[in-house]
Structure formats: structure tokens, C-alpha cells
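**Q** Just dropping this structure here.
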Amino acid sequence: MDSRQNKILVVEDDRQISVFLQASLRAGGFQPILTSNMAAATQQFVMQKPDLVILDLGLPDGDGIDFIRCIRGRSDIPVIVLSARQSETEKVNCLDQGADDYLAKPFGVQELLARARVALRRLDMMTLRDRIYQLEQLCIDLAAGTVSMHGKRLHLSPIEQKLMLYLAQHAGRVARHRELLSAVWGADFIDETHYLRIHMARLRAKIETNPAEPRYLLTELGIGYRLATD
Amino acid sequence: MRHIIFQLTLSIALVALVTTLGYYFDRSLGMTGIVMMHLAVSVFSAYYLRFRVAVLTSLVSVAAINYFQTAPRYTFQVSDFDSWVALTTFLLVSIVIASLVRKLRNQTAQANLASGRAAFSKQLAEHLAAEEDVLNLLQTSVDLIAEHFDQPVAIASISVPILCRSDDCEFAPESDATRWVIEHGRAIGPGTTNWQASTFWIIPFEKMPSDSPALILEVGANANEALEYLRGLVDQVSIAYLRLKSREQVRLAELHVHDQTVRNALLSSLSHDMRTPLTAILGAATTLVTQKPELSESEQERLLNAISAEAGYMRQATENILAMARLSHVSESSLALDWQSPEEIVGTLLARYRQRESAIEFRPQMHAEVLIFADAVMISQALANLLDNAFSVQPDYIPVEIGIAQANTDLAISISDRGPGFPAGWSLENIEKFARNASSSKGLGLGLAIVKTIVDLHQATLKVQPRPGGGSTVSILLSKWKAVDGLSAK
């Protein structure tokens with residue numbers, strides 16, 4: 001990982017939550033920059049050039065979604081959304097608008113730090129020359145388009161391979177059902193979720209030791225799938 | 001036998017026939033026989049033809065007898081006294097008979113009408129008694145009355161111009177008139193004291209101002225006698241209508257009371273679920289803030305652990321409250337139904353519970369890949385509640401089991417524990433009642449109420465069974481599922 005401390009821009013208007021975020025992020029080895037509204041966040045974003053944004057959706061001067069839209073115009077910076085809003089459609093909407101990840105309140109510190117690390121690593125991954133995903137026994141070479149377990153190349157069907165490569169390109173991030181269907185099968189198939197379920201099950205059968213408790217191909221119920229990065 | 005010309009022709013023809021017979025068989029019939037035949041024609045006319053025609057028939061008969069039979073023949077002169085008496089008596093007798101028959105016939109018609117109405121009224125009453133639904137009741141009444149009167153019928157209320165109508169009904173009654181009738185509780189139409197020129201009768205269900213409907217009948221030919229009868233029928237319909245209405249109100253009121261009871265039960269269960277951990281957290285936290293110097297390191301750690309553990313429990317309680325609040329607005333149509341993999345759903349639960357280091361074991365009993373048609377998040381929530389219940393009674397060292405199996409035509413996802421089992425007298429039907437008494441066992445009542453709601457939304461079945469060797473198995477039986485073993489997905 002990067003030797004310098006990663007800067008994390010925290011946009012959160014609740015003081016108690018800010019206090020605890022600041023403490024836990026610092027303890028986790030990050031450099032938090034605290035802001036409590038959109039105006040200050042935009043200013044800090046330009047001045048401090050953070051590596052990651054942790055964003056609360058309900059802000060006093062606007063909806064956090066607008067902030068994502070605003071920064072997505074000029075930057076690929078990972079954004080993790082915090083929200084007390086519960087529904088899965090809400091989460092999907094956030095991801096659609098360009099958020100990288102979503103944490104529902106209440107969340108644990110460990111969970112937040114893990115997600116932050118994943119998001120930062122994805123940024124590293126995207127800039128990697130050789131573009132190789134490696135986690136324990138699973139290795140995916142994005143350039144060559146190969147998937148191997150225990151160093152042995154796996155035989156995948158064309159659909160399975162496309163799925164696997166797409167997830168690897170976005171490793172650590174949730175890929176939504178519709179996003180996967182459209183990327184692998186095409187835009188006409190975005191409602192055919194059962195294709196996705198069946199092929200995910202077959203991929204898991206080839207990759208996972210115990211498909212019911214996947215190590216790599218994680219399920220985000222009602223949202224999509226995520227390729228684990230740690 | 002209605003047409004007057006036909007009746008006249010018939011009577012003249014009969015008289016002519018009898019006269020001809022008398023003319024040719026004068027000797028053998030004799031005067032008495034011929035008069036008797038004429039009398040027979042008069043009686044026939046009196047019974048089957050109109051009164052005036054019957055009287056005319058008698059007069060023609062008298063003239064014919066006079067002309068052809070009495071001396072001097074072929075004149076209208078009557079020479080002897082006997083003939084005078086005979087002719088006059090004949091005329092009197094036939095007119096008396098005609099008027100008697102007319103009376104009899106009217107009485108018969110009245111009796112027939114009355115018995116027909118009584119029969120219809122009985123038929124209507126039988127139909128009304130059988131109806132359980134207000135709209136069906138009104139429609140049945142409209143159909144029957146329209147058929148009986150052979151006139152179009154409709155039922156209207158103030159808010160709905162036509163509640164229901166007979167098939168042949170094409171009129172659009174004036175809503176102002178209907179409104180007036182209902183608001184005053186008085187009928188309008190011919191024979192009433194209001195708007196006698198109307199071509200409709202509008203008769204209110206209630207004879208006082210109300211918001212009950214009114215019946216509208218187009219006025220037919222024999223209007224005058226029908227009104228009172230019609231009022232009687234409307235009364236009959238009205239009584240049945242009010243009976244159903246009041247029954248419906250009672251049912252709604254009972255439902256409301258039931259809702260209220262359930263809500264109170266859940267509320268008391270909730271406040272227990274919330275207050276207990278909050279008390280623990282507050283106590284531990286204030287102790288740490290105010291008395292930290294006096295506390296040993298291990299004591300401090302114990303308090304911190306308690307805060308963390310109780311907060312975790314409170315998180316679950318909050319999830320349940322939110323779930324319950326959300327579920328109260330969810331209808332079947334707002335579920336995110338799709339083909340879902342039960343293995344994936346169980347997988348996410350396993351991951352979550354493993355993080356809490358709960359002992360849990362997944363034992364699928366199916367080899368084929370299966371998909372269920374369900375809302376994955378909802379099903380996962382239901383299973384999480386069942387798991388929480390299972391863990392609250394499970395001895396620490398034995399894992400809780402999750403199974404997927406085919407049960408007859410359903411797919412069963414089940415959670416099995418080795419706890420004490422469900423209390424005696426417990427049943428799924430009184431989950432709400434149980435919630436009220438559940439304050440001793442954490443969250444059990446509310447959790448199951450959530451499960452039951454989700455299961456009902458999926459038109460699935462919840463089944464609770466004791467387990468051989470102790471404990472219980474709670475299963476969600478889903479009817480919409482498919483095996484995709486040989487499926488050639490694109």
C-alpha cells in the first residue's frame with residue numbers, strides 16, 4: 001500500500017458521528033479532513049485533493065447525491081456513501097450516480113475501515129500496468145483475459161469469462177445486476193436476472209471451495225455482486 | 001281476446017250460428033232449446049268477452065229470437081204476452097249473468113295479481129337473504145324487479161349516480177331529483193305527492209333524510225296500483241341493504257379493535273426491546289465517564305464490551321421496528337419479486353452470522369440449482385428473524401441448522417434449533433397474542449410477526465414443527481420455485 005497517509009474527506013453533519021469517524025480513521029492510519037456541509041466539502045475537495053470521500057447523504061445544504069454528480073465530472077476518486085435510508089433501490093440509485101460503495105447506518109468501525117481500504121486499493125488496481133487481480137488462490141489476468149486457481153488455468157464458458165473479467169475490472173466495488181446483465185449479455189437483457197443467478201452459481205461452483213459461503217464472489221442482496229479484494 | 005273488433009265479430013258470429021241452427025232445426029229444438037242456446041252464447045260472452053260486448057250480444061240475441069222465433073215471425077213485433085215475458089226474462093238473466101261474471105273475473109284477476117306479487121315478494125326475500133355483499137344485493141334486486149315489472153330499474157345514491165342498473169336500463173336519471181329524494185326521504189313520481197308528472201318513480205330506501213340509495217323505476221302502463229306495491233318491495237330491499245351495511249360496519253370496527261390490540265402488543269414488546277439495551281448502554285457509559293479513575297482496567301473493559309454488545313442488540317431491535325413500520329405499507333405488488341437463488345440468500349446470512357461468531361450450519365438437501373420467485377431482501381429478513389429466535393434459545397455449543405429441501409410441491413427453507421421448543425398452546429394463528437406475553441424472551445413475538453407478514457406477502461406458508469431429539473424447526477414453504485438443472489441459459 002501507499003507509504004504516505006491517505007487523505008479522506010469526510011462529509012458528515014452529525015457532530016457525534018464526525019467525532020467517532022475522525023478518531024477511528026486516524027487510528028486506522030488515515031488522515032481525515034472533516035466537513036459538515038456541501039459548500040465546505042466542495043472547497044476542501046479542490047484544495048486538499050483527497051484520495052477518498054466518505055459522504056453522508058442528508059446534508060444541511062443539499063443532497064449528497066448532488067455532490068457525487070458534481071465531483072464525478074472531474075474525478076475518479078472513490079466515494080463511499082453513508083446513509084440511514086434503508087431501501088435497496090436507494091442504494092442502487094447511489095451506485096448509479098457514481099458512488100463506489102454504500103454503508104447503511106448503523107455500521108461498525110471495522111466495516112468502514114475495510115471498505116475504505118478496498119476502495120483505495122481499487123484505485124491502485126486501476127493504475128496498475130500489468131492489471132492483475134490476485135487474492136489468495138484466485139488470479140485473474142485482465143490483459144490476457146485468463147482466470148486461474150492454484151496457478152492452474154480454469155476452463156470457463158465465454159459468458160462466465162466475461163462475467164469474471166467484468167467483476168475483476170471493478171474488484172471491490174458492487175456491480176449492480178443490471179450493470180452486469182448489460183455488460184455481459186447486452187442492453188436487451190437487463191431484466192433477465194435469472195441468467196445472472198444461474199451463471200453466478202456455475203462460476204461459484206468452479207471457483208469457490210464452498211459455493212454457499214463464497215470467499216470471492218460475494219452477494220449484495222437486492223443490489224448485485226462484488227469480487228472480494230481482501 | 002283483447003281486440004274489440006275481434007270480440008264484436010266473434011259475438012255476432014256466435015249469435016248468427018245459433019240463430020241459423022234455430023232456423024233450420026226449429027221443429028226438433030223448440031222454442032226452449034233455441035233460447036237455451038242463445039243463453040249459452042250470452043254466458044260465454046259474459047265470461048270471455050268484455051262486459052259491454054256481452055250486453056250487446058244479449059241484445060242481438062233478443063232481437064234475433066224476436067225476429068226469427070216469436071210470432072209473428074220475420075218482424076220485430078211481439079204479439080203474445082208469453083213471448084214478451086220470455087224475451088224480457090232472457091235479457092234480464094243474461095245481463096245479470098254478465099255483470100256477475102264481470103265481478104267474478106275482476107276478483108280473480110285481483111287474486112291472481114295479489115298471489116303473483118306475494119310470490120315475487122317471497123322470491124325477492126329469498127334472494128336478499130342469500131346475499132352477503134352489498135353490491136351484489138343491489139344488483140340482484142335491480143334484476144329481479146326489472147324482470148318482474150318489465151320496466152328498466154336502477155339504484156342510485158348521492159355520490160354515485162348509478163350504483164347498478166338492469167340490462168335494459170338506458171335512462172340517466174336526473175341526479176338533482178335523486179338527491180332531493182334521498183335528502184328528504186320522500187318518493188317522487190305518479191301517485192306520490194311530489195312531481196306527479198315524472199316518468200320515473202324514485203323511491204328512497206329510508207323514509208327519513210339519509211345517505212342510503214334510492215330505487216328508480218320507469219313508470220309503466222298500469223301505474224296507479226303499482227306504487228304501493230313497489231314501495232313495499234323497496235322496503236324489503238332497504239332492510240336487507242341496511243342489515244348488510246351494519247354488519248360491515250361491525251366487522252370494520254372489530255378489525256380496527258384487533259389492529260389496535262396487535263399494535264399495542266407490538267408496542268409493548270418493542271419498548272421492552274429498546275429500553276433494556278439502552279438502559280445497559282447508558283449505565284455503562286455514564287459509569288465510565290464519571291467514575292473512570294476508580295475503575296480497574298478489567299472493569300473498564302467489561303463495561304466497554306457491554307456497551308458494544310448491547311448496542312449490537314439494539315441495532316437488531318431497531319431493524320425490527322423499521323422492518324415492521326415498512327411492512328405495514330408494503331403490499332404484494334410493491335415487493336421486488338424476481339427469480340432468486342435461495343443459496344445466495346442463505347449465503348449472505350451465513351456470512352453475517354459468522355462475523356458474530358454464531359455457530360451455524362448449512363445443510364442443503366437438494367442437488368439441483370433452484371431459483372425461487374421472491375423478494376430476496378424480504379426473505380433474508382424473515383430468515384434472519386428466525387435465526388435470531390433460534391440463537392436466543394440455542395445452547396452455545398450446538399450449531400443452528402439451515403436447510404433447503406423439497407417438501408411435496410413446495411420448496412422449504414428451514415431453521416432448526418435445539419431449544420426448549422415452542423410453549424404449549426402456541427400456534428401460528430396467535431402470533432400477535434404471543435407477542436404480548438413475550439416480554440420475557442427477547443424479541444420473539446415481534447420477530448415472528450415480521451416473518452409471518454413477509455411469508456403472507458409471498459403467499460407462502462410458515463410451518464412450525466417440534467424436532468425429534470428436542471427443539472423445533474420453522475420452515476418457510478414457497479410454492480413459486482423452479483429447478484434449473486438442465487436449463488440452457490443464454
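The values are calculated or read from the model by the stated rules, or taken from the named source; none is laboratory data. Bear in mind the structure is a predicted one, so any value in this text is a computation, not a measurement. Quick reminder, even Gly has a Cβ in these numbers, built from the backbone with ideal geometry, and neighbours come from all protein chains shown.
**Q** Give, as residue ranges, the helices (runs of 4 or more DSSP H) completely inside the range A:1-99 that count at least 3 residues that are modelled with pLDDT under 90 and in the same structural domain as residue A:118 (by TED's automatic domain parsing).
**A** A:15-27, A:64-72, A:88-96
**Q** Given (1) without any contact (Cβ under 8 Å) to a residue 24 or more places away in the chain; (2) within 12 Å of chain A (Cβ to nearest Cβ), where does residue B:328 come up short, assuming only one miss?
**A** Only one criterion in (1) without any contact (Cβ under 8 Å) to a residue 24 or more places away in the chain; (2) within 12 Å of chain A (Cβ to nearest Cβ) is unmet by residue B:328, namely (2).
**Q** Now for a different question. Kindly indicate which of B:307, B:281, B:379 is surrounded by 12 or more Cβ atoms within 10 Å (Cβ to Cβ), within 14 Å of another protein chain (Cβ to nearest Cβ), touching a residue at least 12 places away in the same chain (Cβ under 8 Å) and closer than 30 Å to residue A:190 by Cβ.
**A** Criteria check complete, one pass: B:379.
**Q** Just to be sure, is residue B:19 of a type in the set (S, T, N, Q) and free of Cβ contacts under 8 Å to residues at least 24 places away in the same chain?
**A** no
**Q** Across the range B:111-134, which residue is surrounded by the most Cβ atoms within 10 Å (Cβ to Cβ) among those that are of a type outside the set (A, V, I, L, M, F, W, C) and out of contact with any Leu (no Cβ under 8 Å at 6 or more places or on another chain)?
**A** Out of the qualifying residues, it is B:117.
**Q** Of everything in the range B:362-409 that's touching a Gly at 6+ places or on another chain (Cβ under 6 Å), among the polar types (S, T, N, Q) and closer than 20 Å to residue B:323 by Cα, which residue is modelled with the lowest pLDDT?
**A** Filtering the range B:362-409 for residues that are touching a Gly at 6+ places or on another chain (Cβ under 6 Å), among the polar types (S, T, N, Q) and closer than 20 Å to residue B:323 by Cα, the one modelled with the lowest pLDDT comes out as B:389.
**Q** Step by step: first the residues of the range B:235-284, then only those that are among the hydroxyl-bearing types (Ser, Thr, Tyr) and over 20 Å from residue B:447 (Cβ atoms), then the one that is modelled with the lowest pLDDT. Which residue is that?
**A** Per the criteria, the residue is B:279.
**Q** Also: Tell me, yes or no, whether the range B:367-374 has at least one residue that is at the interface with chain A (Cβ under 9 Å from one of its Cβ atoms) and under 30 Å from residue A:190 (Cα atoms).
**A** The first filter runs over the range B:367-374 and keeps only residues at the interface with chain A (Cβ under 9 Å from one of its Cβ atoms), leaving B:369, B:371.
After this cut, where a residue has to be under 30 Å from residue A:190 (Cα atoms) as well, the list is B:369, B:371.
So far as the range B:367-374 goes, yes, one or more of its residues are at the interface with chain A (Cβ under 9 Å from one of its Cβ atoms) and under 30 Å from residue A:190 (Cα atoms).
**Q** Still on this structure: Taking the conditions exactly as written (within 9 Å of chain B (Cβ to nearest Cβ) and at pLDDT below 90), does residue A:222 satisfy them or not?
**A** yes
**Q** Restricting to the range A:82-106, name every residue that is under 16 Å from residue A:226 (Cβ atoms) and of a type outside the set (D, E, K, R).
**A** Matches in the range A:82-106: A:92, A:94, A:95, A:99, A:102, A:103, A:104.
**Q** May I pose another question? Please find, among B:336, B:359, the residue that is out of contact with any Ser or Thr (no Cβ under 7 Å at 6 or more places or on another chain), at pLDDT below 90 and more than 10 Å from chain A (Cβ to nearest Cβ).
**A** Checking each option against the conditions leaves just B:359.
**Q** Moving on to the next point. Could you please find all residues in the range A:172-190 being closer than 27 Å to residue A:215 by Cβ and outside any helix (DSSP H, G or I)?
**A** Step one: filter the range A:172-190 for residues closer than 27 Å to residue A:215 by Cβ, giving A:172-185.
The answer is A:172, A:173, A:174, A:175, A:176, A:185.
**Q** Scan the range B:289-309 and give yes if some residue there is modelled with pLDDT under 90 and either under 41 Å from the mean Cα position of the chain (by Cα) or aromatic (Phe, Trp, Tyr) (or both), otherwise no.
**A** Checking the range B:289-309: not a single residue is modelled with pLDDT under 90 and either under 41 Å from the mean Cα position of the chain (by Cα) or aromatic (Phe, Trp, Tyr) (or both).
**Q** Among the residues of the range B:155-169 satisfying the criterion of being without any contact (Cβ under 8 Å) to a residue 40 or more places away in the chain and not in a loop (DSSP other than H, G, I, E, B), which is nearest to the chain's Cα centre (by Cα)?
**A** Step by step, filter the range B:155-169, then rank; the result is B:164.
**Q** Is one or more of the residues making up the range A:218-229 without any contact (Cβ under 8 Å) to a residue 12 or more places away in the chain and over 22 Å from residue B:373 (Cα atoms)?
**A** Within the range A:218-229 (the criterion being without any contact (Cβ under 8 Å) to a residue 12 or more places away in the chain and over 22 Å from residue B:373 (Cα atoms)), the answer is no, since none of the residues qualifies.
**Q** Answer yes or no as to whether residue B:158 is among the β-branched types (Val, Ile, Thr), surrounded by 15 or more Cβ atoms within 10 Å (Cβ to Cβ) and touching a helix residue (DSSP H, G or I) at 6+ places or on another chain (Cβ under 7 Å).
**A** yes
**Q** While we're looking at this one, here's another question. With respect to residue B:129, determine if the residue is out of contact with any helix residue (DSSP H, G or I) (no Cβ under 6 Å at 6 or more places or on another chain), assigned to a helix (DSSP H, G or I), over 19 Å from residue B:58 (Cβ atoms) and in contact (Cβ under 8 Å) with a residue 60 or more places away in the chain.
**A** yes
**Q** Starting from residues that are assigned to a helix (DSSP H, G or I) and under 60 Å from the mean Cα position of the chain (by Cα), keep the ones in the range B:1-39 and report whichever is surrounded by the fewest Cβ atoms within 10 Å (Cβ to Cβ).
**A** Filtering first and then ranking leaves B:5.
**Q** One residue is enough: does the range A:156-179 have a residue meeting the conditions acidic (Asp, Glu) and within 14 Å of chain B (Cβ to nearest Cβ)? Full working, then the answer.
**A** Kept after step one, since they are acidic (Asp, Glu), are these residues of the range A:156-179: A:160, A:179.
Now restrict to residues that are within 14 Å of chain B (Cβ to nearest Cβ): A:160.
Within the range A:156-179, one or more residues are acidic (Asp, Glu) and within 14 Å of chain B (Cβ to nearest Cβ).
**Q** If you go through the range B:40-60, how many residues are outside any helix (DSSP H, G or I) and of a type in the set (D, E, K, R)?
**A** Going through the range B:40-60, the residues outside any helix (DSSP H, G or I) turn out to be B:49-50.
If we keep only those that are of a type in the set (D, E, K, R) as well, we get B:50.
Total meeting the criteria: 1.
**Q** If residue B:352 satisfies all but one of (1) touching a Leu at 6+ places or on another chain (Cβ under 6 Å); (2) within 13 Å of chain A (Cβ to nearest Cβ), what's the number of the condition it fails?
**A** It is condition (1) that residue B:352 fails.
**Q** Being without any contact (Cβ under 8 Å) to a residue 60 or more places away in the chain and closer than 25 Å to residue B:125 by Cα: is that true of residue B:150 here?
**A** Answer is no for this residue.
**Q** Only one of (1) away from every other protein chain (no Cβ under 14 Å); (2) surrounded by 16 or more Cβ atoms within 10 Å (Cβ to Cβ); (3) under 29 Å from residue A:205 (Cα atoms) is not met by residue A:145, so which one is it?
**A** Evaluating residue A:145 over (1) away from every other protein chain (no Cβ under 14 Å); (2) surrounded by 16 or more Cβ atoms within 10 Å (Cβ to Cβ); (3) under 29 Å from residue A:205 (Cα atoms) leaves (2) as the failure.
**Q** Taking residue B:226 as meeting all but one of (1) under 21 Å from residue B:144 (Cα atoms); (2) without any contact (Cβ under 8 Å) to a residue 12 or more places away in the chain, write down the number of the exception.
**A** (2)
**Q** A further question follows. Which pairs do you get when a residue that is under 18 Å from residue B:151 (Cβ atoms), found in the range B:170-184, comes within reach of a residue that is basic (Lys, Arg) and modelled with pLDDT of 85 or more, reach meaning Cβ atoms under 9 angstrom, with the pair 6+ apart or on two chains?
**A** B:171/B:165
**Q** Just a yes or no: is a residue in the range A:191-206 more than 9 Å from every other protein chain (Cβ to nearest Cβ), in a loop (DSSP other than H, G, I, E, B) and out of contact with any Gly (no Cβ under 7 Å at 6 or more places or on another chain)?
**A** There is no residue in the range A:191-206 that is more than 9 Å from every other protein chain (Cβ to nearest Cβ), in a loop (DSSP other than H, G, I, E, B) and out of contact with any Gly (no Cβ under 7 Å at 6 or more places or on another chain).
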